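The values are calculated or read from the model by the stated rules, or taken from the named source; none is laboratory data. Computed from a predicted structure; not experimentally measured. With ideal geometry, Cβ positions are generated from the backbone for all residues, glycine too; neighbour counts draw on all protein chains shown.
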Amino acid sequence: MAPLGTPCPTFELTDIISGRIVKDADFTGRPLLVMFICNHCPFVVHIQEELGRLAHDYSAREAGIVGICSNDAESYPADAPPRMSEMAHQQGWQFPYLHDSTQNVARSFGAACTPDFFIFDSGHRLAYRGQLDESRPKNGLQVTGSDVRNAIDALLAGKSPEARQLPSMGCNIKWRAESQSH
């Protein structure tokens, strides 16, 4: 896991919903939640409604939110931009859903799985990296987003998130064969 305090890696990716370019600099001066997600992972499917609620609840409270899909779209066509757009529209997501076709952004963040969550403070230093909450497919726990929500709430209140941060669990990012050695 990346050390807390690490600067936010720069990114400039296309939002498959609006077609516009979205950059980390678009969120300067406010906390930023970066979610590595995809369409087909059962762990992401399990939490997809909560992702929409997060955007609804925090966009109005001055926190930026982006979703990034870095999976190899050639080998996993369910994660290709047309399908990403379908899922975002079906879910009513109100956050940019970005396509990382080179997988360079996922590598720069040290993202390992979907879902994987990184929260940066208003100075864009890493304040949280880890799980959404304790819910997993078939474990019977309600999806609340509590770990991510508590971290964002702390930042918006001018505090640091809890030091105890648990890594996210999910499906490995689907790297292109030539990307695995990088």
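The residues of the stretch 138-150 that are touching a residue at least 40 places away in the same chain (Cβ under 8 Å) and in a loop (DSSP other than H, G, I, E, B), listed by number, are V143, T144, G145. Scanning the stretch 1-19 for residues that are in contact (Cβ under 8 Å) with a residue 60 or more places away in the chain and either of a type in the set (G, A, S) or over 15 Å from V34 (Cα atoms) (or both) yields a total of 6. Just one of the listed residues (D121, D133) is over 11 Å from the mean Cα position of the chain (by Cα), farther than 23 Å from F11 by Cα and either modelled with pLDDT under 95 or among the acidic types (D, E) (or both), and it is D133.
Every condition in (1) part of a helix (DSSP H, G or I); (2) within 17 Å of C113 (Cβ to Cβ) holds for D72 except the one numbered (1).
Filtering the stretch 22-51 to residues that are in contact with a Ser or Thr (Cβ under 6 Å, 6 or more places away or on another chain) and either free of Cβ contacts under 8 Å to residues at least 12 places away in the same chain or among the small types (G, A, S) (or both) leaves only G29. Hey, could you check the stretch 60-79 for residues that are closer than 19 Å to I21 by Cβ and without any contact (Cβ under 8 Å) to a residue 60 or more places away in the chain and say which is surrounded by the fewest Cβ atoms within 10 Å (Cβ to Cβ)? In this case the residue turns out to be A73. Filter the stretch 150-165 down to the residues that are at pLDDT 95 or above, among the aliphatic types (A, V, I, L, M) and surrounded by fewer than 18 Cβ atoms within 10 Å (Cβ to Cβ), then identify the one that is farthest from F109 (Cα to Cα). The qualifying residue farthest from F109 (Cα to Cα) is A157.
Could you grab me the full set of residues in the stretch 9-46 that are in contact with a Cys (Cβ under 8 Å, 6 or more places away or on another chain) and within 22 Å of S122 (Cα to Cα)? D24, L32, V34, F36 - these are the residues of the stretch 9-46 that are in contact with a Cys (Cβ under 8 Å, 6 or more places away or on another chain) and within 22 Å of S122 (Cα to Cα).
Do the conditions hold for G92, that is, is it more than 17 Å from V148 (Cβ to Cβ) and touching a Ser or Thr at 6+ places or on another chain (Cβ under 6 Å)?
No, not satisfied.
Among the residues in the stretch 60-71, are any on the phi < 0 side of the Ramachandran plot and of a type in the set (D, E)?
Pass one, the stretch 60-71, residues on the phi < 0 side of the Ramachandran plot: 60-61, 63-71.
Now narrow it down to the ones that are of a type in the set (D, E): none.
Taking every residue of the stretch 60-71 in turn, none turns out to be on the phi < 0 side of the Ramachandran plot and of a type in the set (D, E).
Which residues, taken from the stretch 97-137, are in contact (Cβ under 8 Å) with a residue 24 or more places away in the chain and among the β-branched types (V, I, T)? Correct list: V105, T114, I119.
Just one of the listed residues (R107, R125) is farther than 18 Å from I17 by Cα, touching a Gly at 6+ places or on another chain (Cβ under 7 Å) and surrounded by fewer than 17 Cβ atoms within 10 Å (Cβ to Cβ), namely R125.
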